[in-house]
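*Asks:* To start, I am sharing the structure in question, which I have written as structure tokens.
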Number of protein chains: 2
Amino acid sequence: MVNWEKAGRPARAARAALSYDAIATAGIEVADGQGFDAVTMRKVADHLGAGAMSLYRYVDSRDDLLDLMADRVSAEAIAPPRTGDWRADLTGAAHILRDVTLRHPWLTRHAITAGGFGPNTVTMTESTLTLLDGYGLDIDEMLDVWRTLVAFVQGYASAEAQRLEAHRRRAEQPAADGDETGPSYLDTVAASGRYPLASRALLGPKRPVDPQQTFDRRLGYLLDGLAHTFFAGPR
Amino acid sequence: MVNWEKAGRPARAARAALSYDAIATAGIEVADGQGFDAVTMRKVADHLGAGAMSLYRYVDSRDDLLDLMADRVSAEAIAPPRTGDWRADLTGAAHILRDVTLRHPWLTRHAITAGGFGPNTVTMTESTLTLLDGYGLDIDEMLDVWRTLVAFVQGYASAEAQRLEAHRRRAEQPAADGDETGPSYLDTVAASGRYPLASRALLGPKRPVDPQQTFDRRLGYLLDGLAHTFFAGPR
DNA sequence: AACCCATGCGTACAACGTACGCAGCGCGTA
DNA sequence: TACGCGCTGCGTACGTTGTACGCATGGGTT
């Protein structure tokens, strides 16, 4: 477990070359640039011009490092102040959270909340809950809305990020010489006719669609439902 | 990438001791029993009484093994036939998917769809989409409903599974001799008063609540919203 | 000047993923 | 029957990983 109290204080010695912040940033840069599996103690330390074992003065284990990275990234998901339009505010918060997940696809492998709540995660939570303040909801109702919204957004963005990652991996496959790529497995499944509904889901849309628009539309269904119980009906 | 065509056919030689099915099952048993990090080639092979390298006759890499496991587990999430009550049917499918995720918490670390769609994942998809057939929705609308629902359920269940895992890890910590556990970090954050809303979210409910009931209530909000657009209004 | 201790890191080891190549068995063909 | 071919299983080996241990260093305190 990360010691968040210690992580918040500045370094004890003046000649400290490393810091929690620098380590978290380095880890995030490695993960964004070279993929989640490249986040090794040695590579992150190299990125900082330090020795691998130096990181252990700040972090108990590799898992702790990942927790540190996740908390730091959640600072990017802090929602702006409320405007009084709950629907617009929640939509904005959802966009920000989705964008963070797509910008850091490795969150699919180590979620923001995997290591408990760090300081930035707390701030992010508070900022989002604040958007729900002032509509006569009690705290339990606000939590209902918040947990429902976050579950949808994280689930949705994780699936999107995974599809993008899979696509990227397939693209960087060098397409070996004389590959004779027959019909893909999913093509043959679709052609079998035994999965009339699923085929359409697996093969993707006929015409390209705007992922952001699709997200907004589906988010809208959820907000409609929340409106029905907690606000004055949909739209 | 897993070769699903090959994985579907029975073994070529009669004297084959291993099989795709046995390997996937062994991997799942190791993951369920000893945690996701214990899923190593050697441990899974040991579980089968086989040598580590034997697995590579069936699987290209450890990642392939995980894909195999994920597809096999998705067979547990196949929805029952439709009854004509869309809301009850979708609720049932959501329960099943949530249960699978809670039963195999490692899905949080390697999602069902991480390795593309295998045969069981296709069947599961078809079974869920079938629940939406017969209400006058076209395929794109059915996909809207399905993707929205799955995003919520997987996001929600993943968060639940992660909280349970974290709790379990903390419980098996031996509570070292003379531990002097002062107030936890979250306690001090809550006591600071600077996060009035988030504190309540982080410390958990005052009285114990039934997680299943809470899930149903929040799922209900989403279904209300879907009803508003695709069916004849909420409830 | 003397000491202390937080910091950085070199070394070492067990465990990991996996490339390579060989052993052995059963089937098809002669 | 005899033979050989191909599929299956796996022993060995190597590079990489996480991390325990202990030492060197040098600014701050006394």
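The values are calculated or read from the model by the stated rules, or taken from the named source; none is laboratory data. What you see is a predicted model; the values in this text were computed from it and never measured. Note that we place each Cβ from the backbone using ideal geometry, even for glycine, and neighbour counts take in every protein chain shown. These accessible areas exclude ligands, DNA and RNA; they are computed on the full protein's heavy atoms, side chains included. Shrake-Rupley method; radii C 1.70, N 1.55, O 1.52, S 1.80 Å.
*Asks:* What residue, of B:Arg57, B:Arg42, is within 13 Å of DNA strand C (Cβ to nearest atom), more than 30 Å from A:Ala190 (Cβ to Cβ) and away from chain A (no Cβ under 14 Å)?
*Replies:* None of the other options fit; the residue is B:Arg42.
*Asks:* Here's a follow-up. Which condition number in (1) within 13 Å of A:Ile23 (Cβ to Cβ); (2) open to solvent by less than 70 Å² (accessible area, probe 1.4 Å) is the one that A:Val100 fails?
*Replies:* (1)
*Asks:* Go through (1) within 16 Å of DNA strand C (Cβ to nearest atom); (2) more than 11 Å from chain B (Cβ to nearest Cβ) one by one and return the number of the condition A:Arg109 breaks.
*Replies:* If we test A:Arg109 against (1) within 16 Å of DNA strand C (Cβ to nearest atom); (2) more than 11 Å from chain B (Cβ to nearest Cβ), just (2) comes out false.
Yes/no matrix, rows are residues, columns are (1) within 14 Å of another protein chain (Cβ to nearest Cβ); (2) free of Cβ contacts under 8 Å to residues at least 60 places away in the same chain:
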| residue | (1), (2) |
| --- | --- |
| A:Arg72 | no, yes |
| A:Ala79 | yes, yes |
| A:Arg82 | yes, yes |
| A:Arg87 | yes, no |
| A:Ile96 | no, yes |
| A:Thr101 | yes, no |
| A:Pro105 | yes, no |
| A:Gly115 | yes, no |
| A:Asn120 | yes, yes |
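*Asks:* Enumerate the helices (runs of 4 or more DSSP H) found wholly within the range A:1-96, keeping only those where 2 or more residues are more than 16 Å from DNA strand D (Cβ to nearest atom).
*Replies:* Answer list for the range A:1-96: A:4-8, A:20-34, A:62-74.
*Asks:* Here is a check on your reading of the model: is A:Thr91 open to solvent by 10 Å² or more (accessible area, probe 1.4 Å), touching a residue at least 24 places away in the same chain (Cβ under 8 Å) and either facing chain B (nearest Cβ under 10 Å) or not aliphatic (A, V, I, L, M) (or both)?
*Replies:* So A:Thr91 fits the description; yes.
*Asks:* Could I ask something else about it? Would you pick out the residues in the range A:189-210 that are closer than 20 Å to B:Arg9 by Cβ and open to solvent by less than 50 Å² (accessible area, probe 1.4 Å)? Lay out the reasoning, then the answer.
*Replies:* To start, the set of residues in the range A:189-210 that are closer than 20 Å to B:Arg9 by Cβ comprises A:189-192, A:194-195.
Hits for the range A:189-210 are A:Val189, A:Ala190, A:Tyr195.
*Asks:* Which of (1) within 14 Å of chain A (Cβ to nearest Cβ); (2) in contact with a Ser or Thr (Cβ under 9 Å, 6 or more places away or on another chain); (3) over 27 Å from B:Gln154 (Cα atoms) does B:Leu18 not meet, given it meets every other one?
*Replies:* It fails just one condition, (1).
*Asks:* May I ask you to verify whether A:Val145 is buried (at least 20 other Cβ atoms within 10 Å of the Cβ), touching a residue at least 60 places away in the same chain (Cβ under 8 Å) and in a helix (DSSP H, G or I)?
*Replies:* On the way: buried (at least 20 other Cβ atoms within 10 Å of the Cβ): yes; touching a residue at least 60 places away in the same chain (Cβ under 8 Å): yes; in a helix (DSSP H, G or I): yes.
It is true that A:Val145 is buried (at least 20 other Cβ atoms within 10 Å of the Cβ), touching a residue at least 60 places away in the same chain (Cβ under 8 Å) and in a helix (DSSP H, G or I).
*Asks:* On to the next question. Does the range B:60-67 contain any residue that is crowded, with 20+ Cβ neighbours inside 10 Å, within 16 Å of DNA strand C (Cβ to nearest atom) and within 11 Å of another protein chain (Cβ to nearest Cβ)?
*Replies:* yes
*Asks:* Quick check on A:Ala79: is it surrounded by 19 or more Cβ atoms within 10 Å (Cβ to Cβ), among the hydrophobic types (A, V, I, L, M, F, W, C), closer than 25 Å to A:Ile96 by Cα and outside the structural domain of A:Phe117 (by TED's automatic domain parsing)?
*Replies:* No; evaluated as a whole, the condition is false for this residue.
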